[in-house]
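Here is the structure we will look at.
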Protein chains: 2
Amino acid sequence: MKMPNEIPISCVCSISSTMENIVVTGIQGLPLIKAGDNLAQMISDRVAIGEGDILSIASTIYSKAHGYTKPLSEIAPTPRAERLGKLNGEDPRFVQAVLDASDDILMEHPFILSELSFGHIGVRAGVDQSNIDDGMVIFLPPDPMGAASEFRDEIRTITGKNVGVIITDTCGRSFRRGQTGHAIGWSGFTAIRDFRGDTDLFGHELKITEEAVVDEIAGFANFIMGESNNGVPAVLFRNCPTWTGHDNIYFTREEDITRRLLKEACTR
Amino acid sequence: MKMPNEIPISCVCSISSTMENIVVTGIQGLPLIKAGDNLAQMISDRVAIGEGDILSIASTIYSKAHGYTKPLSEIAPTPRAERLGKLNGEDPRFVQAVLDASDDILMEHPFILSELSFGHIGVRAGVDQSNIDDGMVIFLPPDPMGAASEFRDEIRTITGKNVGVIITDTCGRSFRRGQTGHAIGWSGFTAIRDFRGDTDLFGHELKITEEAVVDEIAGFANFIMGESNNGVPAVLFRNCPTWTGHDNIYFTREEDITRRLLKEACTR
């Protein structure tokens, strides 16, 4: 994950003070997604994709198309899943799915909070039972960065256009109630816009130097998608500003104070 | 500093089957804001505001216009500020400003994390030294909900239009590097979109029921604003979807697990 400039800088907006418009399209009319569906084709059929566009898709439709789902009936809960199911009032098979998807459990109660192999920390490991048939669970894509890159390649193959891709999940936050959209995979630009070396309006070097732009875009995409039966699982952004930066969005275990405290409390 | 181009940037988004467009405008051409400036008038002069629009402004320009700033030279650091200044490598007068703005300190090092009187938890209590004269600090508005409501009234008086208002700050998050825009004050709608009672595409009652839409909009506004010398401190959203919900965005102290763990670790 590199090449912040792979998307041509022809698309510029407020940030560079030109007057080109940003256009954001909630992609409607997608049917219920099932395993084997060609998402890139289905989306390309429904919206005109342009060079440099950003395409944000809900992780749920990516996972459904790629079969990252499982019937609860095929899951045999371990004693730990039985215990946590009782503790948290959840189906132990669902709890087992969460444990299976987790690399490291940070908190067991009142809900499981865990780290996934790709670095994301999320409630119930992002395992979902919404918008899928009864008795099924949806997992996050196991390699969302690879998924975003692959999806980007597919769009290029179909349309001939280079796009940026963000795969979103809906996550809770510390200190604030309510979920917001977060990026779990991206391709075509960096996660972080790095202002190091930039100056403010008075010429001072900036103190706030790293802006997690992929999460700001993912949040807005999520606002357009909604959570319920809106059926808008993909959003297209046109003429977005470009940025440079890096992809180190996840803290290391040493850096992450909250992670350490939660883990200590959980293992106490 | 005058921006070379004062023509607003627009963002057109279709989200509902009615295909009504959302238009988002980065408001350019605002001069450096100083105490006593009539922000509502200055913004109304630069963009055509419509009924039901959402206007998002950076807390820094609200605070500057209302004089929530202070010269460091007028701040006498207490022994605690001297100690924390040494510990964190910061000017003890700046640290004193942070302590003065804080209602409860949750963490002292490597940076101060504290709760403000209105419920927001933020790094250095949101006290800022960017985009202001040397030797000055900017505080968050002490009553951002009141500020948003008052600003909304001013826009109505000037334009005759009812708008929604979001006052933003740039905040870090747990688990993820990089700041994103968050709402610290809002008026004209609720912070949380509440899906309780809604069903998903399969008719199941939704598990994720509360979406913090004000933060998703604030994040996108922040993406358009940028952090450095872009000079776009206000963003207008037109034809946004509407929602119902509630304003309880801040956890109670009992509910907030991260807050409790940080506080325990800090007082250990």
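Residues in segment B:141-151 carry Karplus couplings, in order, of x, x, 10, x, 5, x, 4, 5, 5, 5, 4 Hz; the curve used is 6.51 cos²θ - 1.76 cosθ + 1.60 with θ = phi - 60°, and Gly or Pro positions show x. What pairs from A:64/B:263; B:70/B:161; A:34/A:161; A:86/A:263; B:86/B:263 go past 30 Å between their alpha carbons? Violating the 30 Å limit, Cα to Cα: A:64/B:263; B:70/B:161. Computed from backbone phi, the HN-Hα couplings of segment B:161-173 come to 9, 8, 10, x, 10, 10, 9, 10, 9, 9, 10, x, 9 Hz, rounded to whole numbers (Karplus: 6.51 cos²θ - 1.76 cosθ + 1.60, θ = phi - 60°; Gly and Pro given as x). Selection among B:33, B:149, B:187 by position relative to the dipole of chain B gives B:33 as farthest towards the positive end (Cβ unit charges, Cα centre). So if the hydrodynamic radius of segment A:81-207 is defined as the Kirkwood radius over C-alpha pairs, what does Stokes-Einstein give as its diffusion coefficient at 25 °C and 0.890 mPa s, in µm² per second? Answer from the Stokes-Einstein relation: 144 µm²/s. Dipole check for segment A:69-138: with +1 at the C-beta of Lys and Arg, -1 at the C-beta of Asp and Glu, and the Cα centre as origin, the magnitude is about 180 Debye.
In nanometres and ascending order, the distances from the residue B:71 label point to those of the other copies are 7.6 (point 7 Å from Cα along Cα→Cβ). Once the Cα atoms are used to define both axes, helix A:257-267 deviates from the longest principal axis of chain A by about 10 degrees.
Which value, in nm² and rounded to one decimal, describes the direction-averaged projected area of the C-alpha convex hull of the protein assembly as shown?
Approximately 23.4 nm², given one-decimal rounding.
For residue A:179, the residues 5 or more places off, or on other chains, whose built amide H falls under 5 Å of its own are B:210, B:211, B:212. Amide H to amide H, with H built 1.01 Å from N, residue B:24 comes under 5 Å of B:11, B:12, B:238, counting only residues 5 or more places away or on other chains.
Can you give the angle from 0 to 90° between the axis of helix A:79-88 and the longest principal axis of chain A, with both taken from C-alpha atoms, to the nearest 10? Result, in degrees: 70. Computed from the alpha carbon atoms alone, the convex hull of segment A:69-138 holds 82 Å³ per residue.
For segment A:102-111, what does the Karplus curve 6.51 cos²θ - 1.76 cosθ + 1.60, with θ = phi - 60°, yield as ³J(HN,Hα) per residue in whole Hz, taken in order and with x for Gly and Pro? Calculated HN-Hα couplings, in order: 9, 8, 8, 8, 9, 8, 9, 8, x, 8 Hz. Relative to the longest principal axis of the Cα atoms of chain A, the long axis of helix A:92-101 makes an angle of roughly 40 degrees.
Each other copy holds its own label point for residue A:36; taking that point as 7 Å from Cα along Cα to Cβ, the gaps run 7.4 nm, nearest first.
Using the average count of surrounding beta-carbon atoms within 10 Å as a protection proxy, the listed peptides B:69-75, A:143-149, B:254-260, B:218-224 rank, highest first, as B:218-224, A:143-149, B:254-260, B:69-75. Other protein chain C-beta atoms within 10 Å of residue C-beta, averaged over B:191-203: 5.
For peptide B:236-243, what's the mean number of Cβ atoms from other chains within 10 Å of each residue's Cβ?
Going residue by residue through B:236-243 and averaging, the value is 1.
The amide H of residue A:162, built 1.01 Å from its N in the peptide plane, has A:52 as neighbours under 5 Å, considering only residues 5 or more places off or on other chains. In vacuo Debye scattering of chain B, one point per C-alpha: log10 I(q)/I(0) at q = 0.08, 0.11, 0.17 Å⁻¹? For chain B at q = 0.08, 0.11, 0.17 Å⁻¹, log10 I(q)/I(0) is -0.36, -0.67, -1.39.
Residue B:253 label point (Cα plus 7 Å toward Cβ) to equivalent points in the other copies: 3.3 nm, shortest first. Kirkwood hydrodynamic radius for segment A:153-257: how many Å is it when counted over pairs of different Cα atoms? About 15.8 Å for segment A:153-257.
Readers should treat all values here as calculations from the given coordinates under stated rules, not as data from a laboratory. Everything numeric in this text was worked out from a predicted model, so none of it was measured. Reconstructed Cβ throughout: ideal geometry from the backbone, glycine too, with neighbour counts over all protein chains shown.
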